[in-house]
Amino acid sequence: MATQAFFYQNIGKFEHLIKQVEIDKMVDTERPTYQITQYFSAVILKQDCLKAKQIIKKIDIAGLNKSHKLLFYAITSHYYYQRGQFKEAHQAFEDVWRYQKESTTVDHSGFQAAIVYLLAQYQMSIKNYKYAMMLATYGIDLANASDSTYFLENFFWLLVQASDTWDSQNFIVNEMIENARVIAKIHKNEAILQKISQRKGEK
């Protein structure tokens with residue numbers, strides 16, 4: 001339940017559920033997911049490199065399954081970027097994308113969507129907008145293939161942000177904003193709803 005809330009980015013619900021987790025009673029199979037979501041939260045949501053560094057030390061990276069490992073390194077590309085280690089950030093991105101684009105499995109867990117979102121967001125961070133749009137479109141295709149909506153509003157919002165860098169037709173941008181708004185409302189993704197509201201206020 002906590003992981004689902006997290007991948008829907010219903011952060012209020014996620015934090016409420018995660019506080020109830022009794023770490024001492026956690027079974028070994030649950031630990032990697034718990035640690036990865038904590039790592040995601042520290043790096044992506046809070047941009048707290050110090051907390052992230054503490055979490056990294058606790059993660060048994062070699063023991064992670066493929067999905068967990070790819071998500072770990074996708075988060076790590078952002079961790080490096082925030083620390084100014086741009087070469088390492090780029091290498092982490094390249095490694096994850098190489099494995100991800102070769103993957104033929106349809107993932108219903110949300111991990112794949114999270115990975116692709118972070119790859120697209122990384123390209124936005126380095127102002128490589130066309131690459132970010134390609135990855136966001138790839139993410140939307142993945143969501144369609146897996147019949148899931150994990151991170152779907154984020155992919156639409158990335159397309160909106162990237163399309164701002166050149167003259168895009170208004171009706172297409174407005175449609176993407178509306179798609180992002182509707183899905184974010186269903187997921188209770190306050191961060192995206194706030195960004196949409198701010199954008200409307202600026203227009």
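The values are calculated or read from the model by the stated rules, or taken from the named source; none is laboratory data. None of these values were measured; they are calculated from a predicted model. Neighbour counts run over all protein chains shown; Cβ positions are idealised from the backbone, glycine included. Heavy atoms of the whole protein, side chains included, go into the accessibility calculation; ligands, DNA and RNA do not. Shrake-Rupley method; radii C 1.70, N 1.55, O 1.52, S 1.80 Å.
The listed residues are ASP147, ASP95, ASP107, ASP164, and the only one of them that is of a type in the set (D, E, K, R), out of contact with any His (no Cβ under 7 Å at 6 or more places or on another chain) and modelled with pLDDT of 95 or more turns out to be ASP95.
Just give me the residues in region 175-203 being open to solvent by 80 Å² or more (accessible area, probe 1.4 Å), in a helix (DSSP H, G or I) and either touching a Pro at 6+ places or on another chain (Cβ under 8 Å) or at pLDDT 90 or above (or both), in sequence order. Those that are open to solvent by 80 Å² or more (accessible area, probe 1.4 Å), in a helix (DSSP H, G or I) and either touching a Pro at 6+ places or on another chain (Cβ under 8 Å) or at pLDDT 90 or above (or both): GLU175, LYS185, ILE186, GLU190, GLN194, LYS195, GLN198.
Within region 111-131, being over 21 Å from ASP147 (Cβ atoms) and either surrounded by fewer than 24 Cβ atoms within 10 Å (Cβ to Cβ) or touching a Leu at 6+ places or on another chain (Cβ under 6 Å) (or both) holds for LEU119, GLN121, GLN123, MET124, SER125, ILE126, LYS127, ASN128, TYR129, LYS130, TYR131.
Of the residues making up region 10-43, those that are surrounded by 14 or more Cβ atoms within 10 Å (Cβ to Cβ), hydroxyl-bearing (Ser, Thr, Tyr) and either farther than 26 Å from GLN194 by Cβ or at pLDDT below 85 (or both) number 2. So is ASP95 among the acidic types (Asp, Glu) and not in a helix (DSSP H, G or I) or not? Considered against the rule, which asks whether it is among the acidic types (Asp, Glu) and not in a helix (DSSP H, G or I), ASP95 comes out as no. Checked against (1) within 27 Å of GLU190 (Cβ to Cβ); (2) more than 17 Å from the chain's Cα centre (by Cα), ARG31 passes all but a single condition, namely (1). Just to be sure before I move on: is LYS46 without any contact (Cβ under 8 Å) to a residue 60 or more places away in the chain and not acidic (Asp, Glu) in the structure I sent? Criteria met by LYS46. Confirm whether TYR122 is of a type in the set (Phe, Trp, Tyr), touching a residue at least 24 places away in the same chain (Cβ under 8 Å) and in contact with a helix residue (DSSP H, G or I) (Cβ under 7 Å, 6 or more places away or on another chain). Taking the combined requirement at face value, the residue satisfies it. Entry remark, region 1-54: residues being within 23 Å of ALA113 (Cβ to Cβ), in contact with a helix residue (DSSP H, G or I) (Cβ under 7 Å, 6 or more places away or on another chain) and among the charged types (D, E, K, R) number 1 in total. Filtering region 149-169 to residues that are open to solvent by 20 Å² or more (accessible area, probe 1.4 Å) and of a type outside the set (A, V, I, L, M, F, W, C) leaves THR149, TYR150, GLN161, ASP164, THR165, ASP167, SER168, GLN169.
Just one of the numbered conditions (1) open to solvent by less than 60 Å² (accessible area, probe 1.4 Å); (2) at pLDDT 90 or above; (3) under 29 Å from THR33 (Cβ atoms) is not true of ASP141: (1). ILE140 falls short on exactly one of the conditions (1) touching a Phe, Trp or Tyr at 6+ places or on another chain (Cβ under 7 Å); (2) closer than 22 Å to LYS200 by Cβ; (3) free of Cβ contacts under 8 Å to residues at least 40 places away in the same chain, and that condition is (2). Taking the listed residues LEU135, LEU118, the one that is of a type in the set (A, V, I, L, M), modelled with pLDDT of 95 or more and closer than 14 Å to ILE44 by Cα is LEU118, with no other qualifying.
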